[in-house]
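The values are calculated or read from the model by the stated rules, or taken from the named source; none is laboratory data. Keep in mind that this is a model prediction, so the values were computed, not measured. Cβ atoms come from the backbone with ideal geometry, glycine included; neighbour counts cover every protein chain shown. Ligands, DNA and RNA are stripped out before the accessible areas are found, and what is left, the full protein with its side chains, is counted by its heavy atoms. Shrake-Rupley method; radii C 1.70, N 1.55, O 1.52, S 1.80 Å.
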Amino acid sequence: MSAPAAPAGRWASLWGLAVVPLLLLGAVLAYLVATGGGLKTLQGPPVEQLNIGRVTLPERGVIQVQVVNDGPQTVTVPQVMVDDAFWSFTADPPGPIPRLGRATFMIPYPWVEEEAHKVALLTTLGTVFEAEIPVATLTPQPGRDLFLRFGLVGLYVGVVPVVLGMLWFPWMRRLSAGAMNFILALTVGLLVYLAVGTYLDAQEFAAALPAFWQGTPAVLLIALLTLGVLLALGSKRRTEEAPLGLSYRIATGIGLHNLGEGLAIGAAFALGEAALGTFLILGFTLHNITEGLGIVAPVVRQQPKFVQFAWLALIAGGPAILGTWLGGFAFNPVLATVFLAVGVGAIVQVVWEVGRLVARNTAALGAPLVGWSTLGGFTVGVALMYFTAFFVKF
Amino acid sequence: MSWLRSFLSRRDVLRVGAGGAAVLAGSAALGQGRTAHGAGHAEAASPGSAVPAAHAGHGNNLMVGTVNHKRNGFDPMAMLTDWDWGKASILPSGQTLREYTMIAQNKDIEIAPGVFFPAWTYNGRVPGPTLRCTEGDRLRVTFINQTAHPHTIHFHGVHAAEMDGVPGAGPGEIQPGGRFVYEFDAEPFGCHLYHCHATSLKRHIHKGMYGAFIVDPKGGRPPAQEFVMVQNAFDTNFDGANEIYAVNTVGFEFARRPIPVRRGELIRIYLVNILEFDLINSFHLHANFFNYYDTGTTLEPTSRIVDTITQAQGQRGILEFKYKFTGNFMFHPHISEFTELGWMGSFQVVEPEAYPAALKAAGVDDQWARRSRQGIAGGQS
Ligand SMILES: [Cu+2]
């Protein structure tokens, strides 16, 4: 190694040193590709893997199946079975599906309204990949009418309960400082419940993703990254000066959570599970009413303008509308996972901030941080969410 | 979203009373009327569908593409009439000696267009050769195991214990690279079968080690156009259930290429059921009735004028019938699931003058037709 002599030479040698490991890496990779790492004799049979994404019923007598090859090797699907019967089909693109490649299968099958069907893809090596159509119904096609109806559903589930919850604002203003602190602790409780629920929902979407997306760790990492970014941003401001800002951040976190609820409802309708529709709408509305309470809790000592309430309601509830559209018309499990993971991070950050607010208030009241009042508020918050969720869980 | 996945079947929806009640309300809320019904068969086969319907059979219930029989080294259509009489000679006692060679080989075979199965075979084909002889013939079957697993040949029939081809009797399982000569007299006459009896039995059978074993009665049977049909199936993903059903291995082969026969001529089918994993199989003939000879061990029918018979695993029988009308007539098991999974075909019944053209359409030659009528006489050396 030559010692750096001049600045120009230094740069050259600096880059040279950076490139050396890459060159060596190239050599190692070339060796591995050429020799199989000396383990070629240990190689097992070829592994076929397909991830079945969306199964849709675009018109009467047609089933459409989208797949991604998330296995290590090319997969060919020469035959398709529907309900244990071989069936004709066309594939787009036809032929073998390379690793990470996609294909759409169109199957002219006389499916029966409201009944269950099973699609199975048979590969060259005889592996079977199955997908279920739980309740067959025409997949909703984007149209003005359905667009409006889905928007209305999102409105019921998201905006309406948040606005109703906000109507507690005048009542909350008359509460004592101690009672108000109880309400803030309650807000922490319901936000913690939402964080846990949103995380589990994100994991459910993640589990259905093709393996190469590594959904399970990605959810946690995205949530942590979001939390980190929000905390870093939040470190620049002083919370006590901006209760309204805190309300906005609570609304944002809840908004991302409600986006997830909208996605689920839209996807349910798209999958023909509209059976659940009204029941779910009722349940979510009841479940979400406490969200409005939490959003306005930090600003009870302020005089927010009406327009700010409107914004808060829109930020917290509006995403449910967006989610219902996305879920119903363009369901994308990757985006759903990412949105929900971001939501987890956002909610946890708000828990952190509201928690600090509770800590300050309890200190001002001369009470311990974890006392019967704060613990009670927290428990009531979790319990409210838990029991109203009975309406949306089966 | 857990509710989303928990509602994976409609039965579950109906089980939850409240959910069921919400069916109507929910769909009404979104204007998704539930009065419409699914498309009928006619709609499914509409001009809009991108795939042409099969030329025979069940509309869009078909396999896409064709099997490369050349690459397989055997053709289900040729197998129908492909009797193996062995190398015949006369022993000093005057008894006919038939010598066969059976080699166990591993082979990837195409059982549906584009779908390959890692089979264990006798002589590179599934089913193995149709051994045919006459009651009382001396059979000498040299078995050579060219695979990495022990195998045997177990013949249905009457023979000495050491010739039974089961572990613990005689040489037991024939080891890789080993050989053994099974020798016995052919009795009783009938439609029999042979298969590997090495353990594990299920795997050795469903991997393809079986075939038909026909012993003709001394006086023969009336002249007829004869076919052998071995009902089999394949568990392609080894989950203990079959994915593909067929006669003579390739699903829907005789739906793609109907079997040519002449109107008014007696047809005789040697039917063998060597299904694994499913308890029974059956045979149903359209627009016709047949006489059935259970196990083929009698010269009088055991069932007369029936159109469906059932066979459990390992059962066999002989069917005899004639066609009154010309046209395409299906045959299939009356187990709808097997039918739709490949075990379905048809006879193309033609007037004698149209027969050569029908042979050509099915891709077979005069020799195939001659062999189909040679059954009884062909073995007499
Ligand atoms: Cu065997």
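Panel note: contact residues of segment A:180-211 (accessible area lowered by at least 40 Å² against the chain on its own; 1.4 Å probe) correspond to A:Glu204. Leaving ligands, DNA and RNA out of it, work out the accessible area of B:Arg304 with a 1.4 Å probe and give it in Å² to the nearest 10. It works out to around 130 Å². The heavy atoms of B:Glu300 offer some 110 square angstrom of accessible surface to a 1.4 angstrom probe.
Against chain A, whose longest principal axis is taken from its Cα atoms, helix A:144-154 shows a tilt of about 50°. In this view, the solvent-accessible surface of A:Val300, computed with a 1.4 Å probe and all protein chains in place, comes to about 10 Å².
Along its principal axes, the protein assembly as shown has C-alpha extents of 119, 82, 49 angstrom, given from the largest down. Note on chain A: with neighbouring protein chains present and a 1.4 Å probe, carbon and sulfur make up 71 percent of its accessible heavy-atom surface.
When all protein chains stay in place and ligands, DNA and RNA are ignored, the 1.4 Å accessible-area order of B:His334, B:His197, largest first, is B:His334, B:His197. Roughly how big is the A-B contact, given as buried accessible area in Å² (both sides, 1.4 Å probe, nearest 100)? Using a 1.4 Å probe, the pair buries roughly 4700 Å².
Surface composition of segment B:116-174: carbon plus sulfur atoms contribute 54% of the solvent-accessible area (1.4 Å probe, protein chains only, all chains present). Residues of segment B:227-254 that become at least 30 Å² less accessible with every protein chain present than in their own chain isolated, using 1.4 Å: which are they? At a threshold of 30 Å² (probe 1.4 Å), the residues of segment B:227-254 that become less exposed are B:Thr236, B:Asn237, B:Glu243.
Roughly what % antiparallel, to the nearest 5, for the DSSP beta bridges in segment B:88-234? Just about 70 percent of them are antiparallel. The modelled label-to-label distance between A:Leu369 and A:Leu244, using points 7 Å beyond Cα along the C-beta direction, is 3.0 nm.
Once the 1.4 Å probe is applied to the protein heavy atoms, the protein assembly as shown comes out at 43 Å² accessible per residue. Ranked by the mean number of other Cβ atoms within 10 Å per residue, highest first, peptides B:341-352, A:171-182, A:99-110, B:88-99 order as B:341-352, A:99-110, A:171-182, B:88-99.
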